[in-house]
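The values are calculated or read from the model by the stated rules, or taken from the named source; none is laboratory data. What you see is a predicted model, and the numbers here were worked out from it, not measured in a lab. Using ideal geometry, Cβ is built from the backbone for each residue, glycine included, and neighbour counts are taken over all protein chains shown. We work out accessible area using only protein heavy atoms, side chains counted, and drop any ligands, DNA or RNA first. Shrake-Rupley method; radii C 1.70, N 1.55, O 1.52, S 1.80 Å.
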Amino acid sequence: MPRSILITDIAHFVGGPSARALLAEGANVYGMDASFGDAAASAAFEAKLPGVKALAARTPEKAVADVMEAEGRLDVLINNDAWPAVRGPVDEATDKDMHETFEALVFKSFAMTRATAPLMKKQKAGKILFLSSAAPLNGIPNYSLYAAARGAANSLALTLAKELAPFNIQVNALAFNFIESPDYFPASLLENPKAREKILGNIPLGRLGRPEEAAAIVAFLAGPHSDFITGQLIPVAGGWATAR
């Protein structure tokens, strides 16, 4: 039976590449995104990425219900939360900045997981992935809001792994950094030789990670060969960060 998979923020970060990898393995992939405001926007995305079913649902509960109505089960939730890593010193950040960052990178995935967990408990099986960041593993000056929120999401994943393990639900987090993505590395930045050299100088492997490399790891953790892996925070950052 094909796996049913729900990806949040599918139009951003590594949502698209992950969907392609999962579709290639025969999964039924559903996607949520704030850009799916109407039928035309959803249809345009489905045409761009054939095989994905774009959900117009605006709440976690409705999105999960839509997948359940179509599939009868939800096997994998991929919290692919995307939010700008805005640079700035802590003394210039506002409460509004902090609230917005945590809303996008922590509260949203918490709500999605809360809506999903009862169904997976009932199934006695499921996988939840947090596509997060390596920023809190190494620390990046002037990115305190982003690093703090990603760190909270990482901790949430590790805690839920132990909480949900008795129900045969595996929870893991991928700590990405330096992955090619227009959300974090726009073409205008990478086409600037000095900027590109500065970026690559931080990466021990000397290059950015390819989207398909990130997607392959997502697909593995979403598949049956990772059933004995849970509670892991896996850095995918070219050697820039290691798990502690």
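Take the stretch 115-124 and flag every residue that is farther than 26 Å from Tyr146 by Cβ and either open to solvent by less than 30 Å² (accessible area, probe 1.4 Å) or part of a helix (DSSP H, G or I) (or both).
Ala117, Pro118, Leu119, Met120, Lys121, Lys122, Gln123
The conditions are (1) in contact with a Pro (Cβ under 6 Å, 6 or more places away or on another chain); (2) surrounded by 17 or more Cβ atoms within 10 Å (Cβ to Cβ), and Leu74 fails exactly one of them. Which is it?
Here Leu74 clears every test but (1).
Would you say Met98 is within 21 Å of Ser133 (Cβ to Cβ) and either surrounded by 18 or more Cβ atoms within 10 Å (Cβ to Cβ) or β-branched (Val, Ile, Thr) (or both)?
Spelling it out, it is not the case that Met98 is within 21 Å of Ser133 (Cβ to Cβ) and either surrounded by 18 or more Cβ atoms within 10 Å (Cβ to Cβ) or β-branched (Val, Ile, Thr) (or both).
In the stretch 73-130, which residues are of a type outside the set (Val, Ile, Thr), at pLDDT 95 or above and touching a Lys or Arg at 6+ places or on another chain (Cβ under 7 Å)?
Of everything in the stretch 73-130, those that are of a type outside the set (Val, Ile, Thr), at pLDDT 95 or above and touching a Lys or Arg at 6+ places or on another chain (Cβ under 7 Å) turn out to be Asp75, Leu105, Gln123.
I'd like the full set of residues that are among the small types (Gly, Ala, Ser) and either assigned to a loop (DSSP other than H, G, I, E, B) or on the phi > 0 side of the Ramachandran plot (or both), limited to the stretch 155-212.
Matches in the stretch 155-212: Ser181, Gly201, Gly206.
If I filter the stretch 138-163 down to residues being touching a helix residue (DSSP H, G or I) at 6+ places or on another chain (Cβ under 8 Å) and touching a residue at least 60 places away in the same chain (Cβ under 8 Å), which single residue comes out as farthest from Met112 (Cα to Cα)?
Tyr146
Restricted to the stretch 27-71, and to residues that are part of a helix (DSSP H, G or I) and open to solvent by less than 20 Å² (accessible area, probe 1.4 Å), which residue is farthest from Phe220 (Cα to Cα)?
Ser42
Can you tell me how many residues in the stretch 1-37 are under 17 Å from Arg58 (Cα atoms) and among the acidic types (Asp, Glu)?
Residues that pass the stated criteria total 2.
Restricting to the stretch 114-137, give me the number of residues that are among the charged types (D, E, K, R) and closer than 17 Å to Thr159 by Cα.
3
Quickly run through the stretch 77-95 and pick out the residues that are surrounded by 13 or more Cβ atoms within 10 Å (Cβ to Cβ) and out of contact with any His (no Cβ under 8 Å at 6 or more places or on another chain).
Correct list: Leu77, Ile78, Asn79, Asp81, Trp83, Ala85, Val86, Gly88, Ala93.
Exactly one condition in (1) over 23 Å from Ser18 (Cα atoms); (2) aliphatic (A, V, I, L, M); (3) part of a helix (DSSP H, G or I) is false for Ala104; which is it?
Unmet condition: (1).
Can Asp91 be described as among the acidic types (Asp, Glu), out of contact with any Ser or Thr (no Cβ under 7 Å at 6 or more places or on another chain), in contact (Cβ under 8 Å) with a residue 24 or more places away in the chain and assigned to a helix (DSSP H, G or I)?
No; evaluated as a whole, the condition is false for this residue.
Condition first: more than 24 Å from Gly88 (Cβ to Cβ), surrounded by fewer than 21 Cβ atoms within 10 Å (Cβ to Cβ) and within 14 Å of the chain's Cα centre (by Cα). Now tell me which residues in the stretch 132-171 satisfy that.
Listed by number, the list holds a single entry, Leu156.
Can you pull out the residues in the stretch 221-237 that are closer than 23 Å to Asn28 by Cβ and exposed (fewer than 14 other Cβ atoms within 10 Å of the Cβ)?
Pro224, His225, Asp227
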